[in-house]
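**Student:** What follows is a single structure, and I will ask about it in a moment.
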Amino acid sequence: MSKIQTVLGAIEAEEIGATNIHDHLYRDCGKQVDDDDDFRMDDVDKLALELQAFYDAGGRCMVDAEPIGSRGVRALVEIAQRVPVHVIATTGFHKSSLYFNNFWGRHYSLDEIVPLLVAEVEEGMDLHAYSGPLVKRSTARAGVVKCGTSYQAIKAVEETWIRAAARTHLATGVPIITHTDKGTMALELIEILASEGVDPRHVVIGHIDRNPDLGYHFEIAKTGAFLQYDGASRVKYYPDSTIISLLFGMVEHGYGKQIVLAGDNGRASYIRSYGGGPGYIYILETFVPRLRREGLDESVIQDLLVNNPRRALSFVGSA
C-alpha cells in the first residue's frame, strides 16, 4: 500500500479521509511574523480548537505548509496528539522574499542543502530549522517538501531550492508541494523540476487559482501535476463563483482527478478561534455544500477531498 508520512508516523494512504492539502497550523517565527504580527499563530490551545472544528466538520487530514524557517515542530506534534486529524509537516523552502538576508539557505550550495532536507524526511525534522549550531532532531518526519517562486519570476536562490526539492524527492519519494506567487511561473517551476527527473504527477502546484485562467490551468494539467485551489472565501481576490467556474471547466475537460482543495488560512485574523474567519471549516461547511448545490457530481467531490489528496501525498515507491 502507498505510504503517507504524518508527524506521528507513517500511515497507509487509505487511512486519510477528507483533506485540506495546504494550511497553516502554527507559526511563531520568520520574516512574515516580524513584518506583521497578524502572521503570528502560536497559541496551541486555540489552534487545536480550530483543528477540532475541522474534524467535527468531517476533516481527517491537513498539511501544515510551513517550511523550514517558520514552522513549529513541537507544536505540530502536540496538536496532532490532541486532535484526531492526520497532520503532515513540511521541509524545504518558501519563496525567497520571506527569508532574511542572513538565512543560511541563501548561502549554502545545492549539494549542501539536499542532505539536510533528506534527513528531515528520513530521520526527523530539526527542532531549530538548522539555525544551529547544534542539530536537534524531532522524531517527527516531514511528509512533503516545498519550494516556491516569486511573482512573475524565479530568483536564482529559488531555483536552487526548487532543485533541492527535486533531489530530495528523488532520494526519498517524498511528494512536492509548491508556492506560486499569484499563480504565476507554474509551468516554469514544473520545467525545472522535470529537468531534475521529477515526474510532475508527484507535484502539487499551489495557489494556482489566484490566476484564474482556465486555458493556463489546462496547460498545467497536461503536464500531469496536481492543481491546488485554495482561494475559497478570499473575496478580496474574487468570489467563490470564480473557483467554481474553474472547477467545472476542469472537470468538463477531464482534469477532475488532478485538483486538490486547501484553505491556506495563513493569518491569525483568518482563524475563528482567534476571533477571525473563515477558519479551517470553510471548505467542508460552506464551499463543498455549494459545489453540491451547483450540481457537481458526488464522485468528483470525493476525488477533490479524498482520492486526489491520497495520491498527491503518497510517497513514490511506497506501494
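**Student:** In the set Thr172, Thr149, Thr160, Thr184, which member is polar (S, T, N, Q) and under 25 Å from Val77 (Cα atoms)?
**Tutor:** Exactly one residue qualifies, and that residue is Thr172.
**Student:** For the stretch 144-169, which residues satisfy the criterion of being without any contact (Cβ under 8 Å) to a residue 60 or more places away in the chain, closer than 22 Å to Ser314 by Cα and of a type in the set (A, V, I, L, M)?
**Tutor:** Val145, Ile162, Ala166
**Student:** Of everything in the stretch 248-262, what is of a type in the set (Gly, Ala, Ser) and either more than 30 Å from Cys29 (Cβ to Cβ) or touching a Pro at 6+ places or on another chain (Cβ under 8 Å) (or both)? Give them in sequence order.
**Tutor:** Gly249, Gly254, Gly256
**Student:** Within the bounds of the stretch 153-170, is there any residue that is on the phi < 0 side of the Ramachandran plot, polar (S, T, N, Q) and not in a helix (DSSP H, G or I)?
**Tutor:** The answer is no, given that none of the residues of the stretch 153-170 is on the phi < 0 side of the Ramachandran plot, polar (S, T, N, Q) and not in a helix (DSSP H, G or I).
**Student:** I'd like the residue in the stretch 224-273 that is of a type in the set (Val, Ile, Thr) and modelled with pLDDT of 95 or more and, out of all such residues, is farthest from Leu47 (Cα to Cα).
**Tutor:** Across the stretch 224-273, the extreme among qualifying residues is Val251.
**Student:** Looking only at the stretch 186-206, which residues are part of a loop (DSSP other than H, G, I, E, B) and crowded, with 24+ Cβ neighbours inside 10 Å?
**Tutor:** Of everything in the stretch 186-206, just one residue is part of a loop (DSSP other than H, G, I, E, B) and crowded, with 24+ Cβ neighbours inside 10 Å, namely Gly206.
**Student:** Could you grab me the full set of residues in the stretch 144-156 that are surrounded by fewer than 18 Cβ atoms within 10 Å (Cβ to Cβ) and among the aliphatic types (A, V, I, L, M)?
**Tutor:** Across the stretch 144-156, the qualifying residues are Ala153, Ala156.
**Student:** In addition: How many of the residues in the stretch 268-291 are surrounded by 17 or more Cβ atoms within 10 Å (Cβ to Cβ), in a loop (DSSP other than H, G, I, E, B) and of a type outside the set (A, V, I, L, M, F, W, C)?
**Tutor:** So the answer is 3.
**Student:** Kindly list the number of the only condition in (1) in a loop (DSSP other than H, G, I, E, B); (2) free of Cβ contacts under 8 Å to residues at least 24 places away in the same chain; (3) closer than 24 Å to Val203 by Cβ that fails for Ala129.
**Tutor:** (2)
**Student:** Residue by residue through the stretch 150-178, note down the ones that are in contact with a Lys or Arg (Cβ under 6 Å, 6 or more places away or on another chain) and either closer than 20 Å to Val198 by Cβ or among the charged types (D, E, K, R) (or both).
**Tutor:** Across the stretch 150-178, the qualifying residues are Val157, Ile177.
**Student:** Consider the stretch 292-319. How many of its residues are of a type in the set (A, V, I, L, M), in a helix (DSSP H, G or I) and either at pLDDT below 95 or over 22 Å from the mean Cα position of the chain (by Cα) (or both)?
**Tutor:** Of the residues in the stretch 292-319, 0 are of a type in the set (A, V, I, L, M), in a helix (DSSP H, G or I) and either at pLDDT below 95 or over 22 Å from the mean Cα position of the chain (by Cα) (or both).
**Student:** In the stretch 87-122, what residues are out of contact with any helix residue (DSSP H, G or I) (no Cβ under 7 Å at 6 or more places or on another chain), within 30 Å of Tyr280 (Cα to Cα) and either surrounded by fewer than 20 Cβ atoms within 10 Å (Cβ to Cβ) or of a type outside the set (S, T, N, Q) (or both)?
**Tutor:** His94, Ser97, Glu120, listed by residue number.
**Student:** Only one of these is in contact (Cβ under 8 Å) with a residue 12 or more places away in the chain, surrounded by fewer than 22 Cβ atoms within 10 Å (Cβ to Cβ) and out of contact with any Leu (no Cβ under 6 Å at 6 or more places or on another chain): Arg137, Arg141. Name it.
**Tutor:** Arg137
**Student:** If you check Tyr270 against the conditions, is it touching a Pro at 6+ places or on another chain (Cβ under 9 Å) and without any contact (Cβ under 8 Å) to a residue 40 or more places away in the chain?
**Tutor:** Yes, satisfied.
**Student:** Being among the charged types (D, E, K, R) and under 26 Å from Val174 (Cα atoms), is that true of even one residue in the stretch 224-232?
**Tutor:** yes
**Student:** Could you list, in sequence order, the residues of the stretch 28-71 that are surrounded by fewer than 23 Cβ atoms within 10 Å (Cβ to Cβ), among the charged types (D, E, K, R) and either under 19 Å from Ser96 (Cα atoms) or in contact with a strand residue (DSSP E or B) (Cβ under 9 Å, 6 or more places away or on another chain) (or both)?
**Tutor:** Asp28, Lys31, Asp34, Asp35, Asp36, Arg40, Asp42, Arg60, listed by residue number.
**Student:** Next up: Hey, among the residues in the stretch 123-159 that are basic (Lys, Arg) and under 20 Å from Val174 (Cα atoms), which one's farthest from the chain's Cα centre (by Cα)?
**Tutor:** Among them, the one singled out is Arg137.
**Student:** Shifting gears a bit: Please tell me if Gly124 is out of contact with any His (no Cβ under 7 Å at 6 or more places or on another chain) and at pLDDT below 95.
**Tutor:** no
The values are calculated or read from the model by the stated rules, or taken from the named source; none is laboratory data. Note that the coordinates shown come from a computational prediction; the quantities given were computed from them, not determined experimentally. For neighbour counting, all protein chains shown are included, and Cβ atoms are generated from backbone atoms with ideal geometry for every residue, glycine included.
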